[in-house]
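One structure is given below, encoded as C-alpha cells.
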Amino acid sequence: MSEVVVMPAAGNSVESCLLSEWMVKAGDTVDENTIIAAIETDKSSMEVPAGVSGTVLALLVEEGDDVPVKEPILVVGEAGEEVDPSLLSGAADEPSEEAPTSSTPSSSHPGAGSVSVTDDDDAHISGTRQEGGDSPTSPRARNLAVSHGIAADALAGSGPKGRVIERDVRAAIAAGPGLTRAARASAEGFVPGTAGSGIGGRVTRADLIEGASQTVAAPAVTQPGFPGNYTDQPLKGVRKVIAQRMMSSLENAAQLTLTATAPADGLLALRKKLKNAPESMGLNAVTIGDLVGYAVAKTLTRHPMVNAHLTDGVIRSFDSVHLGVAVDTPRGLLVPTVQFAEAMTLKQFSDTSKTVAHAAIDGSISPDLLGGGTFTVSNLGSFGIESFTPVLNEPQAGILGVGTITPRAKALPDGGVGIENRLWLSLTMDHQVYDGADGARFLKDLVEAIANIELTVMG
C-alpha cells in the first residue's frame, strides 16, 4: 500500500520550507534512513529522511517550490503500484461536505484535517477543521484543489453565499486536468483541457515548456517600448520571511535612529597590534568588527533598558548580553547570537562570533543560536557605508548599525588643523521602551569605550 512523505515541521514557528534539491527520483528504492531531499528554512538547511521503505512512485513538488509543512511531497509504495488519489487529496476519510456533521476529520493518513492558506496560495495542514466563517473556500475544497493543481479562488462556488465547496472542485477536476503548483507559476497562456504528463493528467511545468517550444516564436523587437525588458520574481522562501519580519518590526515599534561617530585611531592601532601578535596568542584574526562588538557588549551591561525586549506590553531587561550579529548569507540575512557576550574575553568573543557566522553562512547553524538575542549589531562598514537606519530585530529594543571609518578634520591644541579617523555609529531604538536621551547616553558611553578600546579590552 502506498504512503506519502510530508514536508516535516522544522520548528514551532516554521510554516513552510523551500525544497532546494531532490536526492531521489521516481523508481528509486528507499528505506527509512534514505535522504530524499534537501530543504531550507529561514534559519538553516537540512536533509529529509524517507521514514518509510519502498519504491518512489511520484515526486509531488518540484525543486524550488516553497512547500507548507505537512503537505505531501513524495509517494512511496510497491514497484508498479498505482498512486492512490486519496493520499493526495487528504480528504478521503472526511464526512461529506453536503451533509454537515459535528464529527472531526480522520487523521489516519498524512493530509487529513483542514487547510489554511497563505497569501501565495500555498497551504499547510492545521490539524483541526474550520467549518463556516466568511472564507470563500471551504477547508476541504481548498485541500482538494491544491492537491490537483486547481485554483480554487477562480471557481464559481455553489455553497452558501457563493462559497466554493468540495463538489465545485470535483466538477473542475472532471472538466479536465489541473496544473501542478510549479506549472501554475508559469501558466500564462495555458489552454484548459490540455493533457499533462503528471499524476492524474495534471499539467507540469515541463509540459508547459515543451508546449511553448512548439509554438511559433514572435518576431524579435529591436527597440522594446516602455518600460522595456523586465523580470518578475515571486517573493517566497527566505526572502519572503525576511520581508514579513521587517514589515512587522516597522509596524509594531516606534523606531528612532540616533547617529554619532567615535574616534577610531585607537581601534586601528590595536587592530594592527593584534594582527602582528605572536600566533600562539590566537589574536591575529581579531577584526575591527570584533572590537566594536566587544565594546558594545561591555557597554550594554550599564544600560539594561537598551538591552531589552518588548513583548505583549511587557518590557524585559536582561542582566546578560546575548549579542545578535547580522550575517549576509547566500539565503539572505540571518542573525546568529553570541550568548553571554559580556562575560567573554576578546579572544572568546572573536572566535565565537566567527563560528556562529560561518555556521549561518553554510547552513549548519543550530536554530537555538538564531533566537534569544537581546541586542543586535549590523556592520556595513566594509561596503563603505557611513550611516544608515537599521531595522529592529523584534522583540529587541535596540540595534546598532556600524558604518565605515572616515577621516575628518580636527582642531589641534596649537590652533592648527589635523586629521583624525572617525567610526560611524547608528542606533535604532524602540521609543516605546526608552527615550531618546537614554539612547544618547548609551551611544555616548559606547563612543568612550571605543575611543579607549585598549582599556575596554583590559577591563
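Only the coordinates and a few stated rules stand behind these numbers; no lab work does. This structure is a prediction, so every number in the text was calculated from the model and none was measured. All Cβ positions, glycine included, derive from the backbone under ideal geometry; neighbour counts span all protein chains shown.
Can you tally the net charge around residue 399? Count Lys and Arg as +1, Asp and Glu as -1, for every other residue whose Cβ sits under 14 Å from the Cβ of residue 399.
Working: positive: 245; negative: 394, 430.
Value of the local net charge: -1.
For residue 256, enumerate residues with amide H under 5 Å from its amide H, sequence gap 5+ or separate chain, H modeled in the peptide plane.
Under 5 Å from the amide H of residue 256: 429, 431.
Which FRET efficiency, nearest 0.05, do residue 444 and residue 409 yield, Cβ-Cβ r, R0 22 Å? Don't skip to the answer; put the middle values down first.
Values: r = 22 Å, r/R0 = 0.99.
Here the calculated transfer efficiency is 0.50.
Report ³J(HN,Hα) in whole Hz for each residue of the range 335-349, in order, from the Karplus equation J = 6.51 cos²θ - 1.76 cosθ + 1.60 where θ = phi - 60°; Gly and Pro get x.
Result, rounded to whole Hz: 10, x, 10, 8, 7, 6, 5, 5, 8, 8, 7, 4, 5, 4, 5.
Can you list residues whose amide H is under 5 Å from residue 17's amide H, if they're 5+ apart or on another chain and H is modeled 1.01 Å from N?
67, 69
To the nearest 0.05, how large is the calculated FRET efficiency for residue 383 and residue 26 if R₀ is 51 Å and r is the Cβ-Cβ distance? Show your work: numbers first, answer last.
On the way: r = 46 Å, r/R0 = 0.90.
Between residue 383 and residue 26 the formula returns 0.65.
How charged is the neighbourhood of residue 37? Take every other residue with its Cβ under 10 Å from the Cβ of residue 37, and add Lys/Arg as +1 and Asp/Glu as -1. Walk me through the numbers on the way to the answer.
Working: positive: none; negative: 21, 47, 63.
Once all neighbours under 10 Å are counted, the net charge is -3.
Relative to the present Cα-Cα distance, how much length would full extension add between residue 287 and residue 354 at 0.36 nm per residue of separation? Mind dumping the intermediate values first?
Numbers: separation 67, 0.36 × 67 = 24.12 nm, distance 1.02 nm.
The residue 287-residue 354 span can extend by a further 23.1 nm.
Which percent of Cα pairs goes in each bin when the distances of the range 305-396 are cut into 5 angstrom slices starting at zero?
Reading the bins upward from 0: 3, 13, 22, 23, 20, 13, 5, 1.
Compute the signed sum of charges (Lys and Arg +1, Asp and Glu -1) over the other residues within less than 15 Å, Cβ to Cβ, of residue 250.
Numbers: positive: 245; negative: 251, 394, 430.
Net of charged neighbours comes to -2.
If I take R0 = 22 Å and measure r between the Cβ atoms of residue 361 and residue 320 in this structure, what FRET efficiency does the formula 1/(1 + (r/R0)^6) give, to the nearest 0.05?
Efficiency at R0 = 22 Å is approximately 0.30.
Using +1 at the C-beta of Lys and Arg and -1 at the C-beta of Asp and Glu, which of 361, 413, 261 has the Cα lying farthest in the positive direction of the dipole of the range 252-458?
Projecting each Cα onto the dipole axis, the largest value belongs to 413.
Please report the antiparallel percentage of the DSSP beta bridges confined to the range 252-458, to the nearest 5.
Numbers: 31 of 38 bridges.
About 80 percent, rounded to the nearest 5.
Below 8 Å between Cα atoms, with a sequence gap of 6+, how large is the relative contact order for the range 252-458 in percent? List each step's numbers first, then the result.
On the way: 423 pairs, mean separation 62.9, N = 207.
After rounding, I find 30 percent.
With the cut-off at 1.5 for a/c, could you classify the range 252-458 from its C-alpha gyration tensor as rounded, prolate or oblate?
On the way: a/c = 1.71, a/b = 1.18, b/c = 1.45.
Oblate.
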